[in-house]
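Below is one structure, written out as structure tokens, with a few remarks after it.
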Amino acid sequence: MAFIDESRAPGLAAISAASPGDYLALLKPRVMSLVIFTALTGLLFAPRHINPVIGFASLLAIAVGAGAAGALNMWYDADIDAVMRRTRRRPIPTGRVTPREALAFGLTLAIFAVLTLGLVANLLAAALLAFTIFFYVVIYTMWLKRSTPQNIVIGGAAGALPPVVAYAAASGNVSLVALILFAIIFVWTPPHFWALALVRSAEYERAGIPMMPNVKGAGRTRLEILIYSIVLALVGVLPFVCGLASPLYGALSVVLGAVFIGLALNVYRVRSGEGADTCAMRLFGFSILYLFLLFAELLGERLLALAAGS
Amino acid sequence: MTTDRQPDGVVLTPEQSKSRRQRNIAIGLAVGFLVLLFYAVTIVKVGPGVLNRPL
């Protein structure tokens, strides 16, 4: 048995020069931070108070599971990443980590995260985490991403599931509260990614990814961004309407939703020149702020309520 | 009699040695952290019942 794989470079031993930072990059740390943030909100909205140690371990397992899905995504999409400006510096395209190493790393972490969540929290949460990883890697990355312009619409479910997983970890079930948090992220995903896709459509075209602007055209994409933005503004108010959040959250969600629609209207109206790209990037940037502020307000209110003992 | 023998096997470059050492340290820290985490989780799950057993 050969201990060193020489098949890729005969005569030269394939010794890894990857740093721990390269492996961290495989986990998509920025996505992981968003997962932790939204999952923490789901965890605290559960009716049963979870022990802080169990809660921390559950959050860690969910974050690592999301990171593992990111690593498996980078393993499968290395060919696409190599031709796109945004992703060509990732560890696999630059050769710092081999695809096999990324695959082994991702699979190991995915199995470990699911087992840990099952042992620490409960089987429902572990099953949901396993489903999230499966959905992101197999349904989105391997299937939808390269085959339909609805890729990020359906695939967005994977990104929206972490608060549901965390809620299940704390409570042992899934309720309307968890589904509302899911819905906010799910509806937020299309306008967020399509705003970027409008600006980077040439890159997606070159990489052969059927994003909405490449397949249905920029005009149709602008219309769908506007429609999703209106739906998002309505869904964003749901936590207040359902009595989960204060009037302050209600007011904040209305204002932020109105700004979101306003920026989407600009994207719809300004269709050519540098102004069009500026409008799209403005919406893209604001969409991140929108999601962060809504969940920060929900999280803050929940922490205050827990501190007050309710 | 002495001979100028090349070392057997693979000789790592300084960069490979450095990155391997960094990876080993990272793995060590991760395993140590997991030991502490699983210990804490076990104590929380078992609770005071850990001492409640027939002698």
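Only the coordinates and a few stated rules stand behind these numbers; no lab work does. Just so you know, these numbers come straight off a predicted model, no measurement behind them. Every residue, glycine as well, gets a Cβ built from its backbone with ideal geometry; the counts of neighbours run over all protein chains shown.
With respect to A:PRO91, is the statement that it is in a loop (DSSP other than H, G, I, E, B), touching a residue at least 12 places away in the same chain (Cβ under 8 Å) and within 14 Å of chain B (Cβ to nearest Cβ) true? Here the answer is yes, as A:PRO91 does meet what is asked. Against the conditions (1) assigned to a helix (DSSP H, G or I); (2) more than 8 Å from chain A (Cβ to nearest Cβ); (3) surrounded by 11 or more Cβ atoms within 10 Å (Cβ to Cβ), B:VAL11 satisfies every one except (1). Starting from residues that are of a type in the set (A, V, I, L, M, F, W, C) and over 14 Å from A:PRO20 (Cβ atoms), keep the ones in segment B:18-39 and report whichever is farthest from the other protein chains (Cβ to nearest Cβ). Restricting to residues being of a type in the set (A, V, I, L, M, F, W, C) and over 14 Å from A:PRO20 (Cβ atoms), the top hit is B:VAL35.
Considering the conditions (1) touching a residue at least 24 places away in the same chain (Cβ under 8 Å); (2) assigned to a helix (DSSP H, G or I); (3) crowded, with 19+ Cβ neighbours inside 10 Å, A:ILE209 is excluded by exactly one of them, (2).
Among the residues of segment A:102-121, the one identified as more than 12 Å from chain B (Cβ to nearest Cβ) and farther than 15 Å from A:ALA68 by Cα is A:GLY118.
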